[in-house]
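For reference, the structure discussed in these notes is given below.
What follows draws every value from the coordinates through simple rules; no lab data is involved. This one's a predicted model, so the numbers in the text were calculated from it and none came from an experiment. Please note: Cβ atoms are built from the backbone with ideal geometry, for glycine as well, and neighbour counts cover all protein chains shown.
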Amino acid sequence: MFASAQEAEFAFYEALARGDVGQLMQVWADDEEIVCVHPGGLRLIGHLAVRESWEQILRHGALYIQISKGIELQTMVGATHTLVEQISAQGPKGDEYAYCYATNVFHKGPNGWKMVLHHASAAPQQASAIDLHDTPGTLH
């Protein structure tokens, strides 16, 4: 049981770093309407589709993901986190890096906070350094 959305998110990324699909799936809600979208991939709905996708990804080894630039929007029973993921992996020429923008959505239920959506999309390399923000206008 996760006492906060942050705790659930930490467990999600720890499971990826261990390459542990069982631990990873414990973060997800028991609802059948969970959704996962990997960069450039189809929308996956339900436990079986989500689990099989992570099994396929982690078949090649653990994912080491450093998260940054998090923005959290939270209510009493829901939380949405948007962040930048820096993914590192061993390639033929050594360490290789990729960047993604990710949105993680969590719901609070009787068994604590659980993930209901993970959506990641490719981001440019400079994503970890630059953000565009709305500039507040002047009120007259």
Exercise. Across bins of 5 angstrom width beginning at 0, how are the C-alpha pair distances of the chain distributed, in whole percent?
Worked result: 2, 9, 18, 22, 20, 13, 7, 4, 2, 1, 1, 0
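Can you sort HIS119, HIS81 so the residue with the fewest Cβ neighbours within 10 Å comes first?
Details: HIS119 17, HIS81 21.
By the 10 Å Cβ count, ascending, the order reads HIS119, HIS81.
In the chain, which longest range has no GluC sites (Glu not before Pro) that are both DSSP loop (not H, G, I, E or B) and surrounded by at most 13 other Cβ atoms within 10 Å? Intermediate results must be reported in sequence, preceding the final value.
Working: sites that count: GLU32, GLU33.
It runs 34-140.
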Exercise. For the chain, what does -39500 (n - 2.57) per DSSP helix run (n ≥ 4), summed and divided by total residues, give at 222 nm, in deg cm²/dmol to the nearest 500?
Worked result: -7000 deg cm²/dmol
Exercise. For segment 1-63, what is the convex hull volume of the alpha-carbon atoms per residue, in Å³?
Worked result: 86
For this session: Treat every Asp and Glu Cβ in the chain as -1 and every Lys and Arg Cβ as +1, leave all other atoms uncharged, and give the resulting dipole magnitude about the Cα centre to the nearest 20 debye.
Result: 140
Exercise. Normalised by the residues of the chain, what does the relative contact order come to in percent, with Cα pairs under 8 Å and at least six apart?
Worked result: 25
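List the longest stretch of the chain that has no exposed loop site; here a site is one of the trypsin sites (Lys or Arg not before Pro) assigned by DSSP to anything other than H, G, I, E or B, with at most 11 other Cβ within 10 Å. Walk me through the intermediate numbers first.
Values: sites that count: ARG59, LYS93.
Within the chain, the longest run free of exposed trypsin sites (Lys or Arg not before Pro) spans 1-58.
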Exercise. Ordered by residue, what ³J(HN,Hα) values in Hz, to whole numbers, does segment 75-84 give under the Karplus form 6.51 cos²θ - 1.76 cosθ + 1.60, where θ = phi - 60° and Gly and Pro are x?
Worked result: 10, 5, 10, x, 8, 10, 10, 10, 7, 9
Exercise. Considering amide H positions built from the backbone, and no H for Pro or chain starts, which residues 5 or more places from SER4, or on another chain, come under 5 Å of its amide H?
Worked result: TRP113
Exercise. Expressed as a whole number of Å, what is the distance separating the alpha-carbon centroids of segment 37-63 and segment 66-80?
Worked result: 22
Seminar exercise, completed: To the nearest 0.05, the calculated FRET efficiency linking LYS93 and ILE45 through their beta-carbon distance, R0 being 35 Å, is 0.45
Exercise. For segment 1-80, what is the charge dipole size about the Cα centre, in debye to the nearest 20, if Lys and Arg each add +1 at the Cβ and Asp and Glu each add -1 at the Cβ?
Worked result: 340
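Between GLU72 and ALA17, what is the FRET efficiency for a Förster distance of 25 Å, r being their Cβ-Cβ separation, to the nearest 0.05?
Numbers: r = 21 Å, r/R0 = 0.84.
Efficiency computed from Cβ-Cβ geometry: 0.75.
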